[in-house]
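Have a look at the structure below, then the notes.
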Amino acid sequence: MPYIIRDATKADMPGVLDLIEELAIFEKEPDAVEITVEDLERDGFGEKPAFHCFVAEMEGHIAGIALVYPRYSTWKGISLHLEDLVVSRKYRGEGLGKALLSEVIKYGHTLGVKRVNWEVLDWNEPAIKFYELNGANVMREWNVVHLDEQGIANYMAKL
């Protein structure tokens, strides 16, 4: 089936949020998404956008997304973080994941970044295999560390 990969627009944010929610269900955290369409519109399309998003459009629907933002590595310099690469279950196997990843890599290259980085769940073997087949180094010895909103509040209360 034909598809197009393009920069997301404000009008795409409901479809983007749908895919974020689909990802949360896949990752076994269906109630974790707090962000709204309004948050995405404000944060991605304001004076200083916090992220850049690519969409894969197929049959008039947002079938996939890749959301990235700038990051800085004290070892490498400017890098690009791929927060999420999601292809709707309905559209998997059509080449959208590879096309979105390619768009992210091309975008990072035009920005002159030294690295593109992202996380993948250790049980998501199809994604791990996909990334490794496309030249990524999956660093299994690293652990991701988060301090969520409640954790920040608890930390601040101890200061």
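The values are calculated or read from the model by the stated rules, or taken from the named source; none is laboratory data. Just so you know, these numbers come straight off a predicted model, no measurement behind them. Heads up, the Cβs are rebuilt from the backbone with ideal geometry, glycines too, and the neighbour counts pull from every protein chain shown.
What the table below lists for this structure:
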{"quantity": "Verdict on Val33 being in contact with a Lys or Arg (Cβ under 8 Å, 6 or more places away or on another chain) and of a type in the set (Val, Ile, Thr)", "calculated": "no"}
{"quantity": "Filter result for Gly64 (within 24 Å of Ala136 (Cα to Cα), out of contact with any Leu (no Cβ under 6 Å at 6 or more places or on another chain), in contact (Cβ under 8 Å) with a residue 40 or more places away in the chain and not hydroxyl-bearing (Ser, Thr, Tyr))", "calculated": "no"}
{"quantity": "The listed residue being over 22 Å from Asn124 (Cα atoms), touching a strand residue (DSSP E or B) at 6+ places or on another chain (Cβ under 9 Å) and charged (D, E, K, R), out of Asp39, Asp84, Asp7", "calculated": "Asp7"}
{"quantity": "Among (1) without any contact (Cβ under 8 Å) to a residue 40 or more places away in the chain; (2) among the hydroxyl-bearing types (Ser, Thr, Tyr); (3) closer than 17 Å to Val86 by Cβ, the one test that Thr9 misses", "calculated": "(3)"}
{"quantity": "Pairs where the first residue, in the stretch 110-128, is more than 13 Å from Glu27 (Cβ to Cβ) and the second is modelled with pLDDT of 95 or more and β-branched (Val, Ile, Thr), C-beta under 6 Å, 6+ apart", "calculated": "Val113/Ile78; Ile128/Val120; Ile128/Val138"}
{"quantity": "Residue within the stretch 132-154 that is exposed (fewer than 12 other Cβ atoms within 10 Å of the Cβ), out of contact with any Lys or Arg (no Cβ under 8 Å at 6 or more places or on another chain), at pLDDT 95 or above and basic (Lys, Arg) present", "calculated": "no"}
{"quantity": "Candidate set: the stretch 98-130, residues that are aliphatic (A, V, I, L, M) and in a helix (DSSP H, G or I); chosen: the one farthest from Ser88 (Cα to Cα)", "calculated": "Leu111"}
{"quantity": "Residue satisfying all of: in the stretch 89-135; small (Gly, Ala, Ser) and touching a Phe, Trp or Tyr at 6+ places or on another chain (Cβ under 8 Å); farthest from Ala66 (Cα to Cα) among these", "calculated": "Gly95"}
{"quantity": "Per-region count, the stretch 84-97, residues surrounded by fewer than 17 Cβ atoms within 10 Å (Cβ to Cβ) and assigned to a helix (DSSP H, G or I)", "calculated": "2"}
